[in-house]
Amino acid sequence: MTAKNVGNERVVDSFDDVTEVLDYPMFVVTTASNGRSAGCLAGFATQISIDPPRFLVGLSDKNHTYRVALDAPRLAVHLLDAESMDLARLFGEQTGDDVDKFTSCAWLLGPDGVPVLDDAPAWFSGAVHDHRPAGDHTAFVIEVDAAEVRRRPARLLRLSDVADFDPGHDA
């Protein structure tokens, strides 16, 4: 990280330098609309409200999942751990433009027909409350109304765990 002193303060050269330090948790987001199911690996995500319970997910405007989510009434967000590496690889390295990812993993129909992945340690889902462009990603806000914890991982899968993936699409 390159930094310099400005007055009495140390200033970082760029936002990119700062983001290299961050190690976001990774999620698989799934959705369904117009007879199509989709899912992708997502790292831009966070809880944004306690009451009502809302969560924000950023989906790349280059992803098949983004295009399906635009008309979707709901998203499901799956937490990942070390045992979920195959799911992370499937949803992070393949694109729904070329591959039906759901033929390569176990899943069930969740609320509103959204796929819920069997091997995720936990998941939650909610109706899409809003979505807005936010640069090269679109921010989808969901109002959470369904959730399940299947096991409590000691550590969630992080960006550093998937840094060597060859993504299905550029971010």
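The values are calculated or read from the model by the stated rules, or taken from the named source; none is laboratory data. The shown structure was predicted, so the numbers you read here are calculated from the model rather than taken from an experiment. Cβ sites come from the backbone with ideal geometry, for glycine too, and all protein chains shown count toward neighbours. SASA here: full protein model, heavy atoms, side chains in, ligands and nucleic acids out. Shrake-Rupley method; radii C 1.70, N 1.55, O 1.52, S 1.80 Å.
Heavy-atom surface analysis with a 1.4 Å probe gives region 21-171 a carbon and sulfur content of 51 percent of its accessible area. Kirkwood analysis of the chain, using all unique Cα-Cα pairs, places the hydrodynamic radius at 16.7 Å.
Per residue, how large is the accessible surface of the chain? Use a 1.4 angstrom probe and give square angstrom.
Values: 9300 Å² over 171 residues.
For the chain, the solvent-accessible area averages 54 Å² per residue.
Taking 0.36 nm per residue of sequence separation and subtracting the Cα-Cα distance, how much length would be gained by fully extending the chain between Ala82 and Asp23, in nm to one decimal? Gain in length upon complete extension: 19.7 nm. With R₀ fixed at 25 Å, the C-beta to C-beta distance from Leu159 to Asp98 puts the FRET efficiency at about 0.55.
Could you list the trypsin sites (Lys or Arg not before Pro) in region 76-171 that lie in coil according to DSSP, counting only those with at most 15 other Cβ atoms within 10 Å of their Cβ? Mind showing how you got there, number by number?
Details: sites: Arg89, Lys101, Arg150, Arg151, Arg155, Arg158; in loops: Arg150, Arg151, Arg155.
Sites meeting the loop and neighbour criteria: Arg150, Arg151, Arg155.
Quick one: Cα centre-to-centre distance for region 87-113 and region 121-171, in angstrom? Rounded to whole Å, the Cα centres lie 14 Å apart.
Find out how many positive minus negative residues lie around Ile142, taking Lys and Arg as positive, Asp and Glu as negative, among other residues whose Cβ is under 11 Å from that of Ile142. Present the calculation step by step, with values, prior to reporting the outcome.
On the way: positive: Arg54, Arg74; negative: Asp130, Glu143, Asp145.
Its environment carries a net charge of -1.
Between Asp61 and Asp13, the distance separating the two model label sites (each 7 Å from Cα on the Cα→Cβ line) works out to 2.9 nm.
Spin-label pair Ala146-Asp118: with each label point 7 Å from Cα along the Cα-Cβ axis, the two points sit 1.8 nm from one another.
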